[in-house]
1. With 72, 85 as the choices, which residue is within 19 Å of the chain's Cα centre (by Cα) and either buried (at least 18 other Cβ atoms within 10 Å of the Cβ) or not assigned by TED's automatic domain parsing to the domain that holds residue 7 (or both)?
2. Quick check on segment 269-282. Is at least one of its residues more than 27 Å from the chain's Cα centre (by Cα), modelled with pLDDT of 90 or more and under 24 Å from residue 201 (Cα atoms)?
3. Within segment 54-61, identify whether any single residue is surrounded by 17 or more Cβ atoms within 10 Å (Cβ to Cβ) and either over 40 Å from the mean Cα position of the chain (by Cα) or in the same structural domain as residue 115 (by TED's automatic domain parsing) (or both), and answer yes or no.
4. Within segment 1-28, can you find the residues that are outside any helix (DSSP H, G or I) and either modelled with pLDDT of 95 or more or surrounded by 13 or more Cβ atoms within 10 Å (Cβ to Cβ) (or both)?
5. If I ask for residues that are touching a helix residue (DSSP H, G or I) at 6+ places or on another chain (Cβ under 9 Å), under 19 Å from residue 255 (Cβ atoms) and surrounded by fewer than 17 Cβ atoms within 10 Å (Cβ to Cβ), which ones from segment 302-324 would you list?
6. For segment 136-168, give me the residue count where each residue is loosely packed, with under 11 Cβ neighbours inside 10 Å and without any contact (Cβ under 8 Å) to a residue 60 or more places away in the chain.
7. Could you list, in sequence order, all residues of segment 12-47 that are over 17 Å from residue 72 (Cβ atoms) and free of Cβ contacts under 8 Å to residues at least 12 places away in the same chain?
């Protein structure tokens with residue numbers, strides 16, 4: 001590109017230099033800026049740079065002076081925030097290794113080259129990375145359907161004993177009203193209302209294929225209108241299904257933190273003088289719920305209903321039998 005053409009882009013080149021080469025710990029003198037612009041085929045003088053700094057300031061970029069140097073003072077993200085974002089990206093199991101690298105490099109552009117060097121670190125996690133990037137397009141389609149009040153259609157898959165993905169119901173096309181996306185235990189889940197079963201169900205997003213947004217409007221069933229994702233999340237354990245049941249738990253006072261972590265502060269604690277309390281909550285009674293109870297040991301017991309008590313006893317007896 002000719003020097004005259006580059007001259008028209010002077011402010012953009014100047015902004016790039018300030019973004020890449022300066023921060024609150026690193027400044028550039030006017031002479032250094034003029035030299036860097038010259039390498040890009042842009043002519044600049046000291047007086048013109050003062051005017052350029054003012055123009056950038058009027059547009060919202062804060063250029064400050066320290067000693068004889070200048071630097072870009074305000075950025076979209078602080079370096080500490082970028083470090084946190086990089087850690088989150090690199091520890092996310094639903095992202096492929098390639099996508100982790102791409103997103104991290106994009107974050108490098110939000111800081112100086114000195115800050116980018118600090119971001120160039122590897123977070124070691126035990127999570128397994130996603131094998132492909134189809135999930136990103138599926139998530140985007142679900143968001144679009146929710147925004148436009150449309151149903152979605154898809155095929156649903158599961159792994160067989162040969163580690164192959166096979167259709168859960170061969171040839172069947174699921175048509176549901178999407179309510180929300182939930183991220184749980186390193187996986188995305190679609191929470192949706194199904195007209196066929198007249199209930200709310202959830203689906204692993206990475207197991208959904210051939211996803212399309214339907215022209216049909218979402219169901220206007222009352223549960224769709226009143227759906228509360230936080231309440232649903234509290235009732236679900238590991239996003240495994242089960243019968244929704246109102247369960248009363250008898251707890252030691254020391255289990256209060258575990259109960260609040262799981263169900264929030266809304267449920268009422270009925271306190272007793274013997275150092276215990278009862279709490280009634282709605283849960284999906286499932287092996288995952290029983291596993292959570294087992295982890296709390298003697299601190300929490302199912303008090304009612306009797307069907308849940310019996311189911312929990314059977315769950316424990318079956319496990320004991322397997323180890324005999």
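1. Residue meeting the stated conditions: 85.
2. Looking for residues that are more than 27 Å from the chain's Cα centre (by Cα), modelled with pLDDT of 90 or more and under 24 Å from residue 201 (Cα atoms), one finds at least one in segment 269-282, hence yes.
3. no
4. Residues satisfying the conditions are 9, 22, 23, 24, 26, 27, 28.
5. 303, 316
6. 8
7. Those that are over 17 Å from residue 72 (Cβ atoms) and free of Cβ contacts under 8 Å to residues at least 12 places away in the same chain: 31, 35, 38, 39, 45, 47.
The values are calculated or read from the model by the stated rules, or taken from the named source; none is laboratory data. Keep in mind it's a predicted model, so treat the numbers as computed, not measured. Ideal geometry is used to build each Cβ from the backbone, glycine not excepted, and the neighbour counts take in all protein chains shown.
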